[in-house]
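Trainee: Handing you a structure now.
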Amino acid sequence: MARKAVVDRRKCAYCGACVAVCPADANELVETFLEIYDDKCTGCSICVKMCPMGALAIVEVE
Amino acid sequence: MYDVVVVGAGPAGSMAAKTAAEQGLNVLLVEKRQEIGTPVRCAEGISRESIEKFFEVDKKWIAAEVIGAKIYAPDKTEIVMSEEMAGNEVGYVLERKIFDRHVARLAARAGAEVYVKTAMVDFERRDGKVKLKLRRLGEEWEVETKILIGADGVESKIGRKAGIIRTLKLNEVESCAQYLMTGLDIDENYTYFYLGRETAPGGYAWIFPKGNGSANVGIGVLPRMAEKTAKEYLDAFIEKEGIEGKIIEFVAGAVPVYGEIETAVADNIMLAGDAAYHADPITGGGIANALSAGYYAGKVAAEAVQKNDFSASFLRRYDELWKNDFGKRLRRNKKLQLKFIDMDDAVLNKLAGAIAGKNLREMSVAAIVKELLKAHPKLLWDLKDLF
C-alpha cells in the first residue's frame, strides 16, 4: 500500500497551483490538463493543501 | 538554430520575445495553451505608470480606470487612498485576454515566430547551447537555441530543471480563486481590498471593477494558514459582504509571495515573471514586474548574442537590471508580508483605525506603511528603516 495524490478532473480548474508546490515534481500541467505521475508522487499532501478548488485528495493505492 | 526561444506567452514571455526580436534576433515564442491570454489566473490590476512605461494605452485592453483604492480592516474600518483630481486615474484594470494577445502580436510583428498549443517537453544544455524538445498535437520535434527564456509561470519547469528556483513552500505562495461577476452595484472608480484572518488568512480578498457593473471578485489565502480551500473562502466572503451579482467566469491560480531570488539565470537560461517569483509579495501584483523583467531579458539576450557569450556569468547582467529595478522592493515587501501575516484581526483593526480618515494621496504600499509608522511606531519598529 502507498499513498498517492489523485485529481478529480471535474473539480480541477487547470491552474497549475499544485505544480508550483510539489516537492517531487510529480504534477504537471500538460497543455490544459493536470497529470499526476504516480511513480514520483510521495503522497505528501502538500498539493491537497494548495489546491484552490479542493480537487486533489490522497488515497491509498495497491 | 534560434538565438532565443521563449517559453510562455504571458506578459513576461511576449515582452522578452518582442524586445529580442526588435534587436534583430531570431526568436521563437512558444505557448502551451491553444489561446494566448486565457485562462487569466490574474486580478488584472496594474498601476498606470507601469503600463505606460512600455505601451501606448489602447482602450481595447483596458477594462476600467480607477482613481484609488479602498482598504477594509476586519471591523470594516475604511482606508481610502486616492488622487483627488478628476482625470488622475492611477490604475488600470486590464482585459488580459486582449492585452496578452496584443503583446504577443507585437512580438510577432517584430519578427518573432509564435507557436501556440505547443509545449516544451524537455530541454538539455549541450555544447554551449540548448536543445529543446517541443510537442504539438502529439508530435514531438527538437529545436536548438543559444538562449532559453523561461517565462513559464509559477509552475516553471525550466527554472526547476535548471536548478535556478526551488519549489515554493506553503507559506511562500497564495492559493487564489476569482469570479468575474456582473450586475454589481459598486463605485467603479476604486479597487477594494478586504483584510482579515477570518476572511482571507495570510492574504486578502479583492474587488477590481471591470466596467459596466462587472468586476473581478477574488481571494488569495496562504495555504499554511488556511483551513479550507480558496474557493470556499471566496464564497464565504461574497456571502458575508452581501455581494450580489452573477458569476460569468471562474479562475483559480497560485501567486508566488517568495520575495527576491538570488539569481534568475543559469548557463544559457534566464527566467522572467512568475517563473522567477517576480510577483510582489504584499500585493501579489505580477504584471508590472513581468513586463520589466521580460524587457530586460530581451535586451540582455541581444547583448549575449552580440558577444557570443551565453554563460551564467554574462547573463548576470540581467540579474543586475531586474534587481536594480524592483529587487529591493521585492525584499522590502517580503519583510512587510511576513509582518502582516503575523497580525491578528485586533492588530489590523487598531492599525487601520489609526490612519482611517487620513488623506492618503499616493496609492502605494509605502504610503500606507509610512502613515502606520507615524501612528504606531512600536508595532512596526523593525520596518522603520525600510520605508
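Trainee: Inside region B:134-166, can you point out the residues that are within 14 Å of another protein chain (Cβ to nearest Cβ) and of a type in the set (Lys, Arg)?
Mentor: B:ARG135, B:ARG136, B:LYS157, B:ARG160, B:LYS161, B:ARG166 - these are the residues of region B:134-166 that are within 14 Å of another protein chain (Cβ to nearest Cβ) and of a type in the set (Lys, Arg).
Trainee: Residues of region B:114-127 being closer than 18 Å to B:ALA304 by Cα and modelled with pLDDT of 95 or more, which ones?
Mentor: Answer for region B:114-127, where residues must be closer than 18 Å to B:ALA304 by Cα and modelled with pLDDT of 95 or more: just B:ARG125.
Trainee: Which residue pairs have Cβ atoms closer than 6 Å, lie 6 or more positions apart in sequence or on different chains, and pair a first residue in region B:33-46 that is under 14 Å from B:ASP274 (Cβ atoms) with a second residue that is open to solvent by 20 Å² or more (accessible area, probe 1.4 Å) and in a loop (DSSP other than H, G, I, E, B)?
Mentor: The qualifying pairs do not exist here.
Trainee: Something else: Taking B:ILE207 as the residue in question, decide whether it is assigned to a strand (DSSP E or B), more than 14 Å from every other protein chain (Cβ to nearest Cβ) and open to solvent by less than 30 Å² (accessible area, probe 1.4 Å).
Mentor: Yes: the conditions hold for B:ILE207.
Trainee: In the set B:GLU249, B:GLU239, which member is open to solvent by 40 Å² or more (accessible area, probe 1.4 Å) and either within 14 Å of chain A (Cβ to nearest Cβ) or outside any helix (DSSP H, G or I) (or both)?
Mentor: Selected residue: B:GLU249, the only one of B:GLU249, B:GLU239 that is open to solvent by 40 Å² or more (accessible area, probe 1.4 Å) and either within 14 Å of chain A (Cβ to nearest Cβ) or outside any helix (DSSP H, G or I) (or both).
Trainee: Here's another thing I want to ask about it. Taking only region B:156-170 into account, find how many residues are buried (at least 24 other Cβ atoms within 10 Å of the Cβ) and not hydrophobic (A, V, I, L, M, F, W, C).
Mentor: Qualifying residue count, region B:156-170: 2.
Trainee: Also, quick follow-up: Can you work out which of the residues in region B:134-156 that are without any contact (Cβ under 8 Å) to a residue 40 or more places away in the chain and not in a strand (DSSP E or B) is farthest from B:GLY242 (Cα to Cα)?
Mentor: B:GLY138
Trainee: Moving to a separate point now. Considering only region B:221-230, how many residues are more than 9 Å from chain A (Cβ to nearest Cβ) and either acidic (Asp, Glu) or within 12 Å of B:TYR179 (Cα to Cα) (or both)?
Mentor: Residues in region B:221-230 being more than 9 Å from chain A (Cβ to nearest Cβ) and either acidic (Asp, Glu) or within 12 Å of B:TYR179 (Cα to Cα) (or both): 1 in total.
Trainee: On the basis of being more than 11 Å from chain A (Cβ to nearest Cβ), open to solvent by 20 Å² or more (accessible area, probe 1.4 Å), touching an Asp or Glu at 6+ places or on another chain (Cβ under 6 Å) and of a type outside the set (Lys, Arg), does B:LEU180 make the cut?
Mentor: Yes, satisfied.
Trainee: Spot the failing condition for B:VAL173; the list is (1) under 20 Å from B:PHE314 (Cβ atoms); (2) open to solvent by less than 20 Å² (accessible area, probe 1.4 Å), and only one is missed.
Mentor: Every condition holds for B:VAL173 apart from (1).
Trainee: Scan region B:157-186 residue by residue and report those that are in a loop (DSSP other than H, G, I, E, B) and among the basic types (Lys, Arg).
Mentor: Correct list: B:ARG166, B:LYS169.
Trainee: At least 3 residues that are in contact with a helix residue (DSSP H, G or I) (Cβ under 7 Å, 6 or more places away or on another chain), of a type outside the set (S, T, N, Q) and open to solvent by less than 20 Å² (accessible area, probe 1.4 Å) in each: list the helices (runs of 4 or more DSSP H) lying fully within region B:296-382 that qualify.
Mentor: Per the criteria, B:312-322.
Trainee: Looking only at region B:186-198, count every residue that is open to solvent by 20 Å² or more (accessible area, probe 1.4 Å) and under 19 Å from B:ASP75 (Cα atoms) and tell me the total.
Mentor: Summing the residues that are open to solvent by 20 Å² or more (accessible area, probe 1.4 Å) and under 19 Å from B:ASP75 (Cα atoms) in region B:186-198 gives 5.
Trainee: From the list B:ALA215, B:ALA254, pick out the single residue that is out of contact with any helix residue (DSSP H, G or I) (no Cβ under 7 Å at 6 or more places or on another chain) and surrounded by 24 or more Cβ atoms within 10 Å (Cβ to Cβ).
Mentor: When all the criteria are applied, what remains is B:ALA215.
Trainee: Here's something else I'd like to know. In region B:263-280, how many residues are more than 10 Å from the chain's Cα centre (by Cα), part of a loop (DSSP other than H, G, I, E, B) and under 15 Å from B:LEU321 (Cβ atoms)?
Mentor: Count: 3.
Trainee: Restricted to region B:252-262, and to residues that are at the interface with chain A (Cβ under 10 Å from one of its Cβ atoms) and of a type in the set (A, V, I, L, M, F, W, C), which residue is nearest to the chain's Cα centre (by Cα)?
Mentor: B:VAL255
Trainee: While we're here: Among the strands (runs of 3 or more DSSP E) lying completely within chain A, list those that include at least 1 residues that are of a type outside the set (Asp, Glu) and within 9 Å of chain B (Cβ to nearest Cβ).
Mentor: The qualifying strands (runs of 3 or more DSSP E) are A:27-30.
The values are calculated or read from the model by the stated rules, or taken from the named source; none is laboratory data. Please read these numbers as outputs of a predicted model, since none were measured by experiment. Cβ sites come from the backbone with ideal geometry, for glycine too, and all protein chains shown count toward neighbours. Heads up: the accessible areas ignore ligands, DNA and RNA and are worked out on the full protein's heavy atoms, side chains in. Shrake-Rupley method; radii C 1.70, N 1.55, O 1.52, S 1.80 Å.
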